[in-house]
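Participant: Handing you a structure now.
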Amino acid sequence: MRKKAMKPYGKLRSFVLGVFAGLTACPAVAATAAKTTIIRVDYNHVIRPLLSETCFSCHGPDTAKRQAGLRLDVSDGAYKTLPSGKIALVPGDLKASALVDRISRHDALQMPPAYSNKKLTPTQVAALKRWVEQGAKYAPHWAYVPVPAVSPPSAPSNPVAAKRWQWARTPIDRFLLAKMQGQGFQPSAAADRATLLRRLSLDLTGLPPTPAELVVFLRDRSPNAYEKQVDRLLASPHYGERMATSWLDQVRYADTVGYHGDQDMSVWPYRDYVVNAFNHNKPFDAFTREQLAGDLLPNPTPEQLTASGYNRLGMMSAEGGIQDKEYLAKYFGDRVRNTSIVWLGATIGCAECHDHKYDPYKQKDFYRFGAFFADLNEHGFYGGGFPSGDWGPRLSLATARQTADLARLETDIAAARKVRDAVTNETLATGRERWEKQVRALDTSAGLGWAPMTPTAAASSGGSTLTIGSDGVVVVSGKLPAFDIYSLTLPANRSEITALRLETFGDESQQGNGIARAGTFFVISDVDVAMQEGNGAPQPLKLTSVAVGGEDEGYPGVAMLDGLPNTGWASLFSGNRTAVFRLEHPIKGGPNTRLTVRIHQEMSPHLETGRFRLSLSGVDQADVSAQGVPDNVLAALRKEPAQRTDAEKTLITTAYRNFAPELEEVRDKVAALEGERSVLLGRIPKTLISQSQAPRTIRVLPRGNWMNDTGEVVEPGVPQFLPQVSKPGRATRHDLANWIVSPDNPLTARVFVNRLWKLFYGVGLAKNLDDFGVQGEMPLHPELLDW
């Protein structure tokens, strides 16, 4: 990633060229640690790690746990007179230094104490003594000091030594060669060309070279043959995929919410954003601002809003019974940990309950850092997460074609509804009176209710086992095919049949959230019906409308009538669902009449219902409830027209409009258009994004206890010992992003470049990628890292 003045891939290209040119030399450099002879004891390399490991837990930054009033992580604490009258460190004076006395003892006063399970080796004791003799000089922690201007080493003036420097082709080579020669090492032999291309390809794209690519490279004898391969691989779309994999791991990218049910969430456009950012060489400062505060940028683009999905990548819960406040605290802590580690290599998360035991992070720093994100529109408990998938603010990423199609559908739907609504209730009066008489004449439980049918035969095209119960319920078990068609043969011995009802039942034994055989829901792509009398040929029956008890965006009920295998009906709900299909014309049943109902499940692999029942009715209706005609409508119909209240008259009128034959054509047109819109909306990608609102109050939680809200109120801020955000008023996530990528920030560049080095070498210049504090390790080559 580059600065504006740099040509595309300039710095990164140089970095890659240098890395691979020096690849075989790196193990030799790593071996130098064992050969180093201590002459002057360096505080950062030797003493700080030693004190951090054995002393800082009791004598470090954590005020609450500090023992004997002694603080050893800063010189002011180590040099001062203690309450006991002694001084821990007196530069140059071993006898006057109480620390030297305590680490040299072999009795109950020995430090570290036996109960700490820590012990200094004789070599470490000797190093501490020598350091005190040399003046006990402290030095700033290497990661917290500004990045200095570093120049690559120059070739020596000695002709013999200078000849060896001909090996160095890049500035990185010069750093490595100077380090190696200083320790008596020489570079390894150059790799053969096939090996070199294989390394280069795997590291830049994650893929080996093809035989054809290898042949081209082996035949290319031009001086810049290798450089051409670097350029080719950097231009490959697989380069972005390779680099994004590492970043996505760091930011804990996932397509599910993590907690409890681990439900799906749609955030994959963020993944594609990261891939494209690397492929298009987006500057790292923009990459950072867009992720942390894309929604706060002026007139944010869809790409920038998509990037802000970084703030939504943490786990979320829809588990009933959780405390909203508790889970907000969990999300808060996770966000502080991830942001600080990924960009800063800082373990600020360790200060959630107390001051950091090793680094100068205060507990207040943890809450101030998290307060930058207090404006995010989020919940602790996502009640809409399951079953509706509402995990907070989302962005629809429609293409130009999808946008145009959606606008056309909205216009057509409005026009069709206008035609439908223009038909007055007075126009429908004759048909409604005829229907009322039909209902009143059939007003018995058998005549008006749905009649569950017990199939006489049941089969599965995919090899599933269909077991028919005495109550007509069909249970599916055995093989789980990718796609299936259930075929049921029903007796049609009713005098008249107008509608078919499909009921699906929840069952805890089903693996798909208790409502499907697999996944989290089922999808029915089509339903078709045929009638057969005696030994006659089956005659297809047209289904003109369907009413469903619940549907999800993208999966409308009407999709079961379009004959297309790539559309279907689904409803993500942990319970029963019902669909009522109306026949185009009523049919006469009889003892020799059979219906064959086929339930197609051919849209999504393995998403099939596992428990269902079919029923028939002879009453014109569009109701999906168990009783056929709803109780409140039936109660109104049982009254003489003159005795009905205005509310009851309205109820009957509305019920009839839902299936009136006079409105069938326009009603079906509205349903088809609305179904087409639902399918389109379901195909438009959506992604979670950040959305700013009035920030909530953030307090320091005593011991991190989310129930204790008596702590100090804090405003957004960065760790107190680092350069500060300078802004009047409350700082925002945008200000945090600017601070992170500021040249004055000593951590960000070191952390990211160290991660790149690890990606190509297998180990960072500083081995601990996530902790640039005192518990981490000094870089093997700090000058090279800073360069």
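Participant: If I take every Cα pair under 8 Å that is 6 or more residues apart in the chain, average their sequence separation and divide by the length, what percent do I get for the relative contact order? Intermediate results must be reported in sequence, preceding the final value.
Facilitator: On the way: 1410 pairs, mean separation 124.9, N = 787.
Contact order relative to length: 16 percent.
Participant: Place a point 7 Å from the Cα of Ala191 along the Cα-to-Cβ direction; which residues of region 748-787 have their backbone N under 13 Å from it?
Facilitator: Within reach of a label on Ala191: 760-762.
Participant: Just how far, in whole angstrom, is region 185-243 from region 249-268 if you go by their alpha carbon centroids?
Facilitator: If we compute the Cα centre of each part, the gap is 35 Å.
Participant: Turning to a different aspect of this structure: For a quick check: with amide H placed at 1.01 Å from N, whose amide H comes under 5 Å from Leu765's, ignoring anything fewer than 5 positions away on the same chain?
Facilitator: Lys758
Participant: Given Cα pairs under 8 Å that are at least 6 residues apart, what percent is the relative contact order of region 636-743?
Facilitator: Numbers: 45 pairs, mean separation 12.0, N = 108.
Result for region 636-743 is 11 percent.
Participant: A further question follows. Which links in Lys163/Lys758; Lys137/Lys364; Lys119/Lys357 stretch past 25 Å when you go from one Cα to the other?
Facilitator: Working: Lys163/Lys758 30 Å; Lys137/Lys364 29 Å; Lys119/Lys357 18 Å.
Those over the limit are Lys163/Lys758; Lys137/Lys364.
Participant: List the aspartates and glutamates whose Cα lies under 12 Å from the Cα of Lys65, skipping any in the same chain that are fewer than 8 positions away.
Facilitator: Asp355
Participant: A follow-up question, please. Please list, in order along region 302-309, the HN-Hα scalar couplings obtained from phi with the Karplus expression 6.51 cos²θ - 1.76 cosθ + 1.60 (θ = phi - 60°), rounded to whole Hz, x for Gly and Pro.
Facilitator: Couplings: x, 5, 5, 5, 4, 4, 5, x Hz.
Participant: Excluding Gly519 itself, calculate the net charge of residues whose Cβ lies under 12 Å from the Cβ of Gly519, where each Lys or Arg counts +1 and each Asp or Glu counts -1.
Facilitator: Values: positive: Arg517; negative: Asp264, Glu608.
Within the 12 Å Cβ shell, the charges total -1.
Participant: If you find the alpha carbon centre of region 365-385 and of region 671-699, how far apart are they in angstrom?
Facilitator: Measuring centre to centre over Cα atoms gives 19 Å.
Participant: Under 20 °C and 1.002 mPa s, how fast does region 543-599 diffuse according to Stokes-Einstein, given a Kirkwood radius computed over C-alpha pairs? Answer in µm²/s, whole number.
Facilitator: On the way: Rh = 13.1 Å.
In µm²/s, the coefficient is 163.
Participant: After finding the eigenvalues of the alpha carbon gyration tensor for region 258-367, what semi-axes result from the square roots of 5 times each, listed largest first in whole Å?
Facilitator: On the way: eigenvalues 142, 92, 28 Å².
Square roots of five times the eigenvalues give 27, 21, 12 Å.
Participant: Cross-link candidates for Lys80: which aspartates and glutamates have Cα within less than 16 Å, leaving aside residues fewer than 8 places away along the same chain?
Facilitator: Partners within reach: Asp93.
Participant: Please work out the Cα center distance from region 66-89 to region 327-351, rounded to the nearest Å.
Facilitator: The two parts, judged by their Cα centres, are 31 Å apart.
Participant: Determine ³J(HN,Hα), in whole Hz, for all residues of region 630-647 in sequence, where each value follows from phi through the Karplus function 6.51 cos²θ - 1.76 cosθ + 1.60 and θ = phi - 60°; x replaces Gly and Pro.
Facilitator: x, 4, 5, 5, 4, 4, 5, 5, 5, 7, 5, x, 5, 8, 7, 6, 4, 5
Participant: Hey, another quick one. Using the Cβ atoms and a cut-off under 13 Å, what net charge is assigned to the surroundings of Ala636, where Lys and Arg are +1 and Asp and Glu are -1? Walk me through the numbers before you get to the answer.
Facilitator: Numbers: positive: Arg432, Arg440, Arg638, Lys639, Arg644, Lys649; negative: Glu436, Asp443, Asp631, Glu640, Asp646, Glu648.
Around Ala636, the surrounding residues sum to 0.
Participant: Report the accessible area of Glu712, computed with a 1.4 Å probe over the heavy atoms of all protein chains in place, in Å² rounded to the nearest 10.
Facilitator: Spelled out: Glu712, probe radius 1.4 Å, area about 100 Å².
Participant: Follow-up question, since we're still on this one. Could you tell me whether region 102-217 comes out rounded, prolate or oblate from its Cα gyration tensor? Rule is a ≥ b ≥ c as square roots of the eigenvalues, rounded for a/c under 1.5, then prolate if a/b exceeds b/c, otherwise oblate. Each step should come with its number before you reach the end.
Facilitator: On the way: a/c = 3.00, a/b = 1.95, b/c = 1.53.
Taking the square roots of the gyration eigenvalues as a ≥ b ≥ c, region 102-217 is prolate.
Participant: While we're looking at this one, here's another question. Going from most exposed to least, what order do His45, His106 have by accessible area with a 1.4 Å probe?
Facilitator: On the way: His45 100, His106 170 Å².
Result, largest first: His106, His45.
Participant: Can you list the lysines whose alpha carbon is less than 16 Å from that of Lys669, not counting same-chain residues fewer than 8 positions off?
Facilitator: Lys418, Lys542
Participant: Rounded, prolate or oblate: which fits region 291-345 when a ≥ b ≥ c are the square roots of the eigenvalues of the alpha-carbon gyration tensor, with rounded for a/c under 1.5 and prolate only if a/b beats b/c? Let's see the in-between values first.
Facilitator: Working: a/c = 2.96, a/b = 1.56, b/c = 1.90.
Taking the square roots of the gyration eigenvalues as a ≥ b ≥ c, region 291-345 is oblate.
The values are calculated or read from the model by the stated rules, or taken from the named source; none is laboratory data. This one's a predicted model, so the numbers in the text were calculated from it and none came from an experiment. No Cβ is skipped: glycine too gets one built from the backbone with ideal geometry, and neighbour counts run over all protein chains shown. Just the protein is used for accessible areas: all its heavy atoms, side chains included, with ligands, DNA and RNA removed. Shrake-Rupley method; radii C 1.70, N 1.55, O 1.52, S 1.80 Å.
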